1. Report, ordered by the first and then the second residue, all pairs with beta carbons closer than 9 Å, sequence separation of six or more or different chains, a first member in the range 23-35 that is exposed (fewer than 12 other Cβ atoms within 10 Å of the Cβ), and a second member that is in a loop (DSSP other than H, G, I, E, B).
2. Give the number of residues within the range 8-22 that are under 30 Å from the mean Cα position of the chain (by Cα) and surrounded by 11 or more Cβ atoms within 10 Å (Cβ to Cβ).
3. Evaluate the following for residue 84: is it closer than 30 Å to residue 3 by Cβ, out of contact with any Ser or Thr (no Cβ under 6 Å at 6 or more places or on another chain), part of a helix (DSSP H, G or I) and of a type in the set (Lys, Arg)?
4. Based on this model, can you work out whether residue 79 counts as under 24 Å from the mean Cα position of the chain (by Cα), surrounded by 10 or more Cβ atoms within 10 Å (Cβ to Cβ) and either among the aromatic types (Phe, Trp, Tyr) or assigned to a helix (DSSP H, G or I) (or both)?
Amino acid sequence: MTKGKFAIGALFGAVAGVVAGVLTAPKSGKETRADLKKKADELKNEAGKKADDAKKKADKLSKDAMSKADEVKSRATNAVEGAKAGFNKNPNEK
């Protein structure tokens, strides 16, 4: 199981646990709704932070990949130019 699927499953499990706990607690409907709203806001903020972290990591990975691709392209271009120079060299020259 991938880490992403596990994290999503854990998040759904946590949400289900919170909802079940709040709904079975001996409180008035008004208090229960307030508790649900509070927990929903907390989970929303946490999910937003996790999404921002994931976006930052994805951006960094993308930049790193582009940098590596540019480096490989530069090396390949230099290798091709060197090969062309070697083929175009007059065999009588040293």
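1. From the range 23-35, no pairs qualify.
2. Residues in the range 8-22 being under 30 Å from the mean Cα position of the chain (by Cα) and surrounded by 11 or more Cβ atoms within 10 Å (Cβ to Cβ): 7 in total.
3. The answer is no for residue 84.
4. Here the answer is no, as residue 79 does not meet what is asked.
Quick note: the coordinates plus some simple rules give every number you see, no bench work behind them. Keep in mind that this is a model prediction, so the values were computed, not measured. Counting neighbours? That spans all protein chains shown, and the Cβs are built from the backbone with ideal geometry, glycine included.
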